[in-house]
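Shown next, in structure tokens, is the structure this report addresses.
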Amino acid sequence: MSASNPSPRPVAARVAKARHDLRNPLGEIIGYAEILSEETVELGLPQLRSDLTDLLTGANALLHQLNITLELDQLQERPASVAELCASVKAHAARCGATVGSLSTQCRALPNRPFLDDLERIAAANQHMADRAPLLLGDLFESEHDGLSWNTQGRADDAFASGISGDTIFFRRPDAASELEGEAAHPTDTLFLTRPTAAQVEGASILVVDDNPASRALLTRRLARSGHRVAHAEDGEHALSMVRQHPFDLMLLDVLMPRVTGYDVLSAMKADPALRHIPVIMITGLDDLDSLVRCIEGGAEDYLTKPFDPVLLKARIGACLEKKRLRDKEQLLLAEIRKAKEQSEALLLNILPRSIADRLKAGESTIVDTLPEVTVLFADLANFTELSAHISGVEMVGLLNELFTTFDLLAQEQGLEKIKTIGDAYMVVGGLPTPRADHAHAIAELALNMLQAVAEQFAQRQVPVRLRIGINSGPVVAGVIGRHKFSYDLWGDTVNTASRMESHGQVGAIQVSEATRRLLERAYTFTRRDLTQVKGKGDLTAWLLTGRNAPA
């Protein structure tokens, strides 16, 4: 663009700032006047309604004029409208001041002198707007070259979707999108459609973040009247500190703040797994579509522009809180599903080794493994009949539970796999489902520890527990049987021989087969014992494992 036709960017920026800075105090006047109107009905003070209606009528009329005047095409066609707006602000300031004075006089005469604080806030906002307007509006055109070099044309039905918030769809005209070449979108180029929202969700915890104290106070009043618990932060750093320390259901976040902007706060929250679930509604006084779309794309739930329409404010907050409530409910349900799944898996792991359970979950229907070398241990209560005669059934179950729980812990210490308990018998295997070279040594250590635990914990009872242990090593077939009630078991001669070692063993001793002794002879001491007429086996040579060899 040539020097004789300078860029319109400075004008657009100054217009946006004027619109933003004048809307803020005007929004405060409207907001507090609306609140006071509602409270006069609640308190039964109809004599104040007339002046409050005048306040609202005048402020809304000025807002309408401001919105029309501070449009780029309007400024190009009628630059004189700026002077007219200045005059209107001045006239409004005088009328507003007089009305506030009248209301203050009436309130001082009432019991409890209500509304005086809010009337002071209205007066302060009115004075601030009157002071700022000449500076902001007089600075719109800095030189005779400043002006608008485009004319936005088009119709709403030519629009295309440019951005979507939680409850609002933005539409921008194609010709405006191409002609602005990166400039902030002007409101006349944009159509906003807001969906119907859910009912207001009461009693939420809301954080208001705004560097403008008057805006914070107004929002706090409005939200508190709706039954919400409201906290506020004056800048982005304070806001991030607060959301990390306290749980909030919603954040209302101003876009333009010094140092840490609303964009920065939003980005930090969405990057933090602990904060990203908190819904954020962006608040701004700028009619800047690109800014709003940037917020929505950054993860904001919705947006609000100043001054706030109380109905729209309530609807959008209600919609965000309702969505959060549904998200929270979904997370609770997912947590319950995860917990149920974990419980189900824990139950499965109580009856199956983890690797076998994983194969079942992966869809493997038939699980059969042949293992060439494992060691099997059987343990049995040798005096179970005697115990049963002296203690009740409940006491017997308690005793077995205590005993087998102790054995389970000892087996876990050695990395061994418990196969099952049958009545008063306990079966465990080493080298399965994962093969290991020291399977026999691990089983031997378990057997010695089991005898020691029985001697220390169960020998001093009215009827002492007496244990008999048998061990054998060799090949087995392992697999899962059953469809609804799974059982992981072992089959083969190795298992049968281990069972015979136990049933033909000595009370309080560990009897092992020749195959197991050969695997353990360097590390443990043994005493030979010849067995005759073993069922299904005939004569056998067995060994009593009597202890550990001293280290060389």
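Values quoted throughout were computed directly from the atomic coordinates according to the rules given, and no laboratory measurement underlies them. All of these numbers come straight from a predicted model, not from anything done at the bench. Virtual Cβ from ideal backbone geometry, glycine too; neighbours counted across all protein chains shown.
Side notes on the structure shown:
- Within the range 278-300, considering residues that are of a type in the set (D, E, K, R) and either over 20 Å from the mean Cα position of the chain (by Cα) or crowded, with 20+ Cβ neighbours inside 10 Å (or both), the one nearest to Leu22 (Cα to Cα): Asp287
Table: residues versus (1) within 30 Å of Leu520 (Cα to Cα); (2) in contact (Cβ under 8 Å) with a residue 24 or more places away in the chain.
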{"residue": "Arg359", "(1), (2)": "no, no"}
{"residue": "Glu364", "(1), (2)": "no, no"}
{"residue": "Ile367", "(1), (2)": "no, yes"}
{"residue": "Thr370", "(1), (2)": "yes, yes"}
{"residue": "Ser392", "(1), (2)": "no, no"}
{"residue": "Phe407", "(1), (2)": "yes, yes"}
{"residue": "Glu417", "(1), (2)": "yes, yes"}
{"residue": "Lys420", "(1), (2)": "yes, yes"}
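- Failed criterion for Arg327 (all others in (1) touching a Pro at 6+ places or on another chain (Cβ under 9 Å); (2) surrounded by fewer than 19 Cβ atoms within 10 Å (Cβ to Cβ); (3) over 27 Å from Pro247 (Cβ atoms) hold): (3)
- Leading residue by the ranking (surrounded by the fewest Cβ atoms within 10 Å (Cβ to Cβ)) among those in the range 451-505 that are in a helix (DSSP H, G or I), in contact (Cβ under 8 Å) with a residue 40 or more places away in the chain and in contact with a Pro (Cβ under 9 Å, 6 or more places away or on another chain): Val454
- Number of the exception - Arg225 against (1) in contact with a strand residue (DSSP E or B) (Cβ under 8 Å, 6 or more places away or on another chain); (2) over 15 Å from Lys324 (Cβ atoms); (3) not small (Gly, Ala, Ser): (1)
- Lone qualifier among Arg316, Arg276 - being in a loop (DSSP other than H, G, I, E, B), among the charged types (D, E, K, R) and in contact (Cβ under 8 Å) with a residue 12 or more places away in the chain: Arg276
- Taking the criterion of being touching a residue at least 60 places away in the same chain (Cβ under 8 Å), in a loop (DSSP other than H, G, I, E, B), closer than 17 Å to Leu250 by Cβ and of a type outside the set (A, V, I, L, M), the residues of the range 280-310 that qualify are Glu301, Phe308.
- Any hit, the range 76-84, residues being out of contact with any Lys or Arg (no Cβ under 9 Å at 6 or more places or on another chain), at positive phi and either surrounded by 15 or more Cβ atoms within 10 Å (Cβ to Cβ) or not acidic (Asp, Glu) (or both): no
- Index of the failed condition, Gly101 passing every other in (1) loosely packed, with under 15 Cβ neighbours inside 10 Å; (2) under 42 Å from the mean Cα position of the chain (by Cα); (3) of a type in the set (Gly, Ala, Ser): (2)
- Matching residues in the range 301-333 - criterion: being among the aliphatic types (A, V, I, L, M), farther than 23 Å from Leu22 by Cα and more than 16 Å from the chain's Cα centre (by Cα): Ala315, Ile317, Ala319
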